[in-house]
Amino acid sequence: MTTPLIHPVDIASVRLENNLALAPLAGTSDLAFRRICRRFGAGLTVTELVSARGICYDPKLKRNWRYLVIDPAEKPVAIQLFGHDPDDFETALRRILLHPLLGQTSMIDLNMGCPVPKVVKGGEGAALMKTPDLAARIVERAVSIASPMGKPVTVKFRKGWDDSQVNAVDFAKRCERAGAAALTIHGRTRAQLYSGRADWQIIRDVKAAVGVPVFGNGDIDSPQAARRMLLETGVDGLMIGRAAQGNPWIFSQILSSLTDGSDLPRTVAPADKAAVILEHLDSLIDLHGEAMAVREMRKQLAFYLKGTPHGATFKVLAMQAETRADVASVLSDWCN
């Protein structure tokens with residue numbers, strides 16, 4: 001019997017109702033946006049990456065709270081950490097998992113794929129693909145803390161450092177042996193950053209090499225692309241990142257298309273989009289207050305308005321908004 005393209009996924013003891021996940025996105029995948037993506041159908045959401053060492057110097061979790069905060073109602077959700085010292089991960093995980101709210105996270109994800117210079121220069125993120133023994137020790141230490149508390153540990157990584165150092169398959173095997181309960185592979189090297197095309201063959205190779213669930217990541221920007229990746233690579237699930245920025249509807253579109261073949265419109269009606277934008281803003285206001293929320297929403301408005309009629313003009317106006325009323329006024333004019 002053929003496995004449906006959309007199906008539940010078990011990551012150790014955690015069951016995802018479907019195999020679509022929102023990738024961790026710095027500056028985007030905060031609680032406000034995760035709630036929206038969950039409502040539109042994401043089976044798993046992941047926090048923005050948080051520094052394990054930063055948590056070590058933040059014993060009361062005040063400075064990192066905005067990046068760590070979760071809502072039990074959004075479960076399953078993963079908290080993602082990055083770093084390079086196993087001791088840092090042990091300290092950070094104890095603080096997170098013993099916290100009355102954060103301890104309700106469904107799982108812990110280890111970032112070993114972030115390509116940005118300020119992360120890799122410290123030997124963190126994608127730089128760990130150059131030190132696979134250290135990466136395995138980090139996974140082992142994280143598993144030793146999280147697993148007894150019922151929290152699976154997962155790992156997100158890339159194809160390799162560059163085209164001369166493509167080691168995703170060996171890296172995946174090491175992570176699995178170290179106790180990782182699931183893996184996500186982005187089909188680009190660190191040298192590519194987000195340019196060029198993702199290599200789906202390496203994703204297929206990783207899936208064939210390990211026994212734990214594998215999520216594919218890279219160039220999943222439509223229901224058609226989602227279908228192709230699932231069929232071409234055999235992955236258990238899909239992790240969607242940049243294509244979801246300003247476009248949480250991509251989850252409902254993929255679910256609809258791959259479940260029963262019905263295609264939802266790719267273009268969202270302006271009034272419907274405006275309603276979700278204000279929902280997003282209101283959630284940010286609840287979290288951070290109006291002034292900070294409006295400032296942070298400017299970047300998200302750029303994503304929401306990208307590619308829409310007169311979007312560039314209204315994006316300029318949105319960048320000048322200082323209050324919720326300003327944002328609502330810009331959206332009203334845009335809709336009309």
- request: Enter the accessible area per residue of segment 229-335 (Å², integer; probe 1.4 Å; all protein chains in place).
  value: 46 Å²
Listed values (i) 25.0, 104; (ii) 19.5, 58; (iii) 20.3, 64, entry calculated as Rg and Dmax of the Cα atoms in Å: (ii)
- request: Kindly rank 156-163, 171-178 from highest to lowest mean number of other beta carbons found within 10 Å of each residue.
  value: 156-163, 171-178
19 Å cut-off, amide nitrogen to a point 7 angstrom out along Lys299 Cα→Cβ, residues in segment 7-47: 22-37, 46-47
- request: Multiply the residue separation of Asp286 and Ser256 by 0.36 nm, subtract the distance between their alpha-carbon atoms, and state the gained length in nm to one decimal.
  value: 7.7 nm
query: Scaled to the compact-protein estimate 2.2 N^0.38 Å, what is the alpha-carbon radius of gyration of segment 149-225, rounded to two decimal places?
result: 1.10
statement: Sorted list, accessible surface of protein heavy atoms, 1.4 Å probe, largest first, for Ser329, Ser164 is Ser164, Ser329
field: Relative frequency of Cα-Cα separations exceeding 18 Å in segment 147-275, percent
entry: 57 percent
Folded to 0 to 90 degrees: helix 324-335 orientation relative to the chain principal axis, Cα: 70 degrees
Rounded percent of accessible protein surface that carbon and sulfur make up, segment 234-336, 1.4 Å probe: 53 percent
message: Compute a Gaussian network model of the chain, connecting alpha carbons closer than 10 Å, and tell me which residue from Lys151, Lys207, Lys306 fluctuates the most.
response: Lys306
task: Can you tell me how much longer the chain between Arg63 and Asn336 gets when fully stretched, taken as 0.36 nm per residue apart minus their C-alpha distance, in nm with one decimal?
output: 94.2 nm
Segment 69-145: translational diffusion in µm²/s, Stokes-Einstein, Kirkwood Rh over Cα pairs, 4 °C, 1.567 mPa s: 100 µm²/s
- line: For segment 13-116, the Debye formula with one identical point scatterer on each Cα and no solvent gives log10 I(q)/I(0) at q = 0.10 Å⁻¹ as -0.25
statement: In the structure shown, of Lys60/Lys118; Lys173/Lys207; Lys130/Lys151; Lys273/Lys299; Lys130/Lys173; Lys159/Lys299, the pairs separated by more than 20 angstrom at the C-alpha atoms are Lys60/Lys118; Lys130/Lys151; Lys159/Lys299
Of all DSSP beta bridges in segment 4-104, antiparallel share, percent nearest 5: 35 percent
field: Crossing angle, helix 290-305 versus the chain [Cα axis fit, 0-90 degrees, rounded to tens]
entry: 90 degrees
task: Counting only C-alpha contacts under 8 Å and six or more residues apart, can you give the relative contact order of the chain as a whole percent?
output: 14 percent
Rh (Kirkwood; distinct C-alpha pairs) - segment 115-191, Å: 12.6 Å
query: For the chain, what proportion of DSSP beta bridges, expressed in % and rounded to the nearest 5, is antiparallel?
result: 10 percent
query: Which percent, to the nearest 5, of DSSP beta bridges fully inside segment 129-282 are antiparallel?
result: 5 percent
statement: Ranked by GNM mean-square fluctuation in the chain (Cα springs under 10 Å), the top entry among His99, His310, His84 is His310
task: Taking the chain as the reference, fit the longest principal axis to its C-alpha atoms, fit the long axis of helix 86-97 to the helix C-alpha atoms, and give the angle between the two in degrees, 0 to 90, nearest 10.
output: 50 degrees
- prompt: For the chain, modelled as a GNM with alpha-carbon contacts under 10 angstrom, which of Val210, Val119, Val316 fluctuates the most?
  reply: Val316
field: Spacing of the two label points (7 Å from each Cα toward its C-beta) at Asp221 and Asp71, in nm
entry: 3.0 nm
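Quickly estimate the mean residue ellipticity at 222 nm for the chain, helices only: each DSSP H run with n ≥ 4 gives -39500 (n - 2.57), and the total goes over all residues, rounded to 500.
-13000 deg cm²/dmol
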query: Percentage of Cα-Cα pair distances in segment 232-331 greater than 15 Å, rounded to whole percent?
result: 65 percent
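The values are calculated or read from the model by the stated rules, or taken from the named source; none is laboratory data. Since the structure is predicted, the reported quantities are computational estimates derived from the model, not experimental observations. Positions of Cβ are generated from backbone atoms using ideal geometry, with glycine treated the same way; all protein chains shown enter the neighbour counts. Areas reflect the complete protein model, heavy atoms only, side chains present, ligands, DNA and RNA absent. Shrake-Rupley method; radii C 1.70, N 1.55, O 1.52, S 1.80 Å.
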